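To start, the structure under review is shown below, and the notes come after it.
Rule-based calculations on the coordinates, nothing more; no lab input. Quantities reported herein were computed from a predicted structural model and do not represent experimental measurements. FYI the Cβ positions are ideal-geometry reconstructions off the backbone, even for glycines, and counts take in every protein chain you see.
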Amino acid sequence: MKRILSGMQPTAQLHLGNYLGALKNWVALQNEPDSENFYMVADLHAITVPQEPEALRAATREIAAAYIAGGIDPAKSSIFVQSAVPGHSELMWLLATMTQMGKLERMTQFKDKAGKNAERAGLGLFAYPVLMAADILIYKATHVPVGEDQKQHLELAREVASTFNTRYGQDFFIQPEPFIMGAAARVMSLQDGTKKMSKSDASEKSRINLTDDAETIAKKIKKAQTDPEALPETLAGLEGRPGAKNLVTIYAALADITPEAVIKDCAGKGWGEFKSALADLAVEKLAPMTRRMQELMSDPAEIDRILAQGSEKAGALAEQTVRQTREIMGFWQRP
């Protein structure tokens, strides 16, 4: 049986890139036979930067609502809150004692986020790849859906698992395998096709939020970056045209067809016509999700019930792993 673990941080709003690059794939994975799925709201990762308490609580429910509205079925997958399972933090410390500083210093995302202020960055930002390793190993996940920017962290999790198993002479932790996302794994900014669509981008025009209404979606797509040339006759004709390539990629992912098929159908069309069709498609696909999110957000007790149920299941599994880990390491166990 495959056991799959993934999650997103409850920071700002989920957007089209989160849906096409991750959430849509999670929905497909939960319907695979012999697959057990755990999807967490990664709030412990979110606090590597300051968070307002009430905003964090609200964002946690909103992310959970987006999971459900996007198609994650609580009857098939466990949806839970990372911080509600104390074992994540405990296992992180146990694994941190055997994780080399040099490996953490080479983490690309730490370099990108800390920038020139690395000496002033918090320990959490530096060490969060160890927490990510704990997130995965605590459930003995066999597969982890990752984008290209997360492969380095999964490799660290594999190395930490190997280090633990070698040190204690036991084949205890599973070395997880990556599940690489599909063609739309890197949906780019609507304002700059060379940058990934991001929740942290200062411009709201750069992304389509899952809570945007139809009018807002249409306006954002209408103002999206393209170029003076029409759509080419072949996919190769999009090279060196990042904004144009991004819109074709988004259309293909929303329509569940290949970019080649989009080009075949739309070659020679102007961007006004194409953007109008893309806006209609995006609204068709996202409007039901937005309505479902609104329904869920109006009933926080139902979201809390689902999160409590998922956290209980995840917690039972995590507690067993942590207890076994402590026993292997030689800690005194409470009778």
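Structural remarks
- C-alpha long axis of helix 242-255 to longest principal axis of the chain, angle in °: 80
- When shorter helices are ignored and each DSSP H run of at least 4 residues is given -39500 (n - 2.57), the per-residue value for the chain at 222 nm works out to -16000 deg cm²/dmol.
- Of S298, I174, S78, farthest towards positive along the dipole that unit charges on Lys, Arg, Asp, Glu beta carbons give the chain: I174
- Packing, taken as the mean count of other beta carbons within 10 Å per residue, orders the peptides 84-91, 306-313, 281-288, 35-42 from highest to lowest as 35-42, 84-91, 306-313, 281-288.
- Of the beta bridges in the chain, as assigned by DSSP with both residues counted there, near 10 percent are antiparallel.
- Residue among L5, Q309, A218 farthest towards the positive dipole end of the chain, charges placed on Cβ: L5
- Pairs from K195/K245; K223/K264; K205/K245; K2/K313 whose Cα-Cα separation, in the structure shown, is over 21 Å: K223/K264
- The chain - charge dipole about Cα centre, Lys and Arg +1 at Cβ, Asp and Glu -1, debye rounded to 20: 560
- Taking 16 Å as the straight-line reach from the Cα of K220, the aspartates and glutamates in range (excluding those fewer than 8 positions away in the same chain) are D192, D201, E204, D212, E273, D280, E284.
- Ordering of 51-63, 131-143 by packing is 131-143, 51-63, highest average first (other Cβ atoms within 10 Å, averaged per residue).
- Cα-based convex hull, the chain, per residue volume (Å³, whole number): 154
- Relative contact order of the stretch 204-295: 37 percent, from C-alpha pairs under 8 Å at least 6 residues apart in sequence.
- Proximal charge balance of K220 [Cβ under 9 Å; K/R count +1, D/E count -1]: +3
- Rounded Å value of the spacing that divides the Cα centres of the stretch 172-241 and the stretch 1-72: 19
- Ranked by the mean number of other Cβ atoms within 10 Å per residue, highest first, peptides 248-259, 13-24 order as 13-24, 248-259.
- Under the criterion of Cα pairs below 8 Å and six or more residues apart, the relative contact order for the chain equals 22 percent.
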